[in-house]
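Student: Got a structure for you, written out below as structure tokens; questions coming shortly.
The values are calculated or read from the model by the stated rules, or taken from the named source; none is laboratory data. None of the values given here were measured: they were computed from a predicted structure. Glycine gets a Cβ as well: all are built from the backbone with ideal geometry, and neighbour counts include every protein chain shown.
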């Protein structure tokens with residue numbers, strides 16, 4: 001829906017959410033003028049939005065500056081999600097999987113055009129790399145959409161290159177998703193970051209619908225291509241355990 005066609009109240013909500021997303025995509029601290037430029041808003045509108053979000057704790061002003069950063073309310077909601085979804089129950093399994101495979105395992109869900117790591121994972125504390133990744137450039141993303149009958153590659157629009165190995169041709173991506181379905185796992189071969197590989201397998205709910213992706217990530221030296229089938233098999237074995245504790249209620 002175009003922004004102009006939304007009711008005024010909904011338009012304000014969408015703009016506020018887009019302000020929060022700016023801190024995901026453009027850095028930890030931003031000024032109102034930065035946000036206005038990124039979102040193509042009037043500076044006065046950006047100032048009003050950041051002041052409102054700050055009043056509710058979703059943003060806070062960085063000490064000694066006119067710039068803002070994410071606030072405690074964002075962290076609070078993240079912790080609520082973590083507990084309400086039972087993600088804490090995955091921690092022992094992730095620790096075991098890391099020890100067995102010598103990789104950085106994580107679980108991700110589908111959110112818009114991205115795969116979002118919700119527990120575990122190899123996030124880079126400086127860049128945030130690994131927390132939220134475009135679907136087309138990640139093994140997790142490929143797994144999350146490969147079995148989704150409602151997904152259409154065309155809905156992703158342009159497929160930006162994160163590295164020279166990123167798939168940017170929609171036809172190639174469709175063919176890759178077909179291979180994912182055939183072999184039961186996805187591979188990210190330096191498509192998100194050079195020197196990194198990821199193997200991902202699906203986690204399905206009691207109805208057989210893929211709800212999460214389990215990813216195993218390592219440097220290319222620690223995850224040579226000949227290890228991929230072995231790690232995919234281990235991942236599938238652990239996926240059954242993750243499904244039991246996260247997606248399939250006890251009878």
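Student: Just one of the numbered conditions (1) in contact with a helix residue (DSSP H, G or I) (Cβ under 8 Å, 6 or more places away or on another chain); (2) over 21 Å from residue 104 (Cβ atoms) is not true of residue 186; which one?
Tutor: Every listed condition holds for residue 186 apart from (2).
Student: Follow-up. Would you mind listing the helices (runs of 4 or more DSSP H) fully within segment 59-167 where at least 3 residues are surrounded by 12 or more Cβ atoms within 10 Å (Cβ to Cβ) and more than 17 Å from the chain's Cα centre (by Cα)? Give the steps one after another, and end with the answer.
Tutor: On the way: elements: 72-84, 91-101, 139-146.
Correct list: 91-101.
Student: Looking at (1) crowded, with 18+ Cβ neighbours inside 10 Å; (2) free of Cβ contacts under 8 Å to residues at least 40 places away in the same chain; (3) more than 19 Å from residue 30 (Cβ to Cβ), which one does residue 50 not meet, given that it meets all the others?
Tutor: Of the numbered conditions (1) crowded, with 18+ Cβ neighbours inside 10 Å; (2) free of Cβ contacts under 8 Å to residues at least 40 places away in the same chain; (3) more than 19 Å from residue 30 (Cβ to Cβ), the odd one out for residue 50 is (3).
Student: Tell me the helices (runs of 4 or more DSSP H) entirely within segment 4-55 that contain at least 2 residues that are touching a helix residue (DSSP H, G or I) at 6+ places or on another chain (Cβ under 6 Å) and within 16 Å of residue 74 (Cα to Cα).
Tutor: Per the criteria, 8-25, 43-55.
Student: With at pLDDT below 95 and touching a strand residue (DSSP E or B) at 6+ places or on another chain (Cβ under 6 Å) as the only criterion, which of 116, 199 stands out?
Tutor: Testing whether each residue is at pLDDT below 95 and touching a strand residue (DSSP E or B) at 6+ places or on another chain (Cβ under 6 Å) leaves just 116.
Student: If you scan segment 168-178, which residues turn out to be surrounded by 14 or more Cβ atoms within 10 Å (Cβ to Cβ), under 21 Å from residue 235 (Cα atoms) and out of contact with any helix residue (DSSP H, G or I) (no Cβ under 6 Å at 6 or more places or on another chain)?
Tutor: Selection gives 176 alone.
Student: Looking only at segment 191-207, decide whether some residue is surrounded by fewer than 18 Cβ atoms within 10 Å (Cβ to Cβ) and part of a helix (DSSP H, G or I).
Tutor: Checked segment 191-207: no residue is surrounded by fewer than 18 Cβ atoms within 10 Å (Cβ to Cβ) and part of a helix (DSSP H, G or I).
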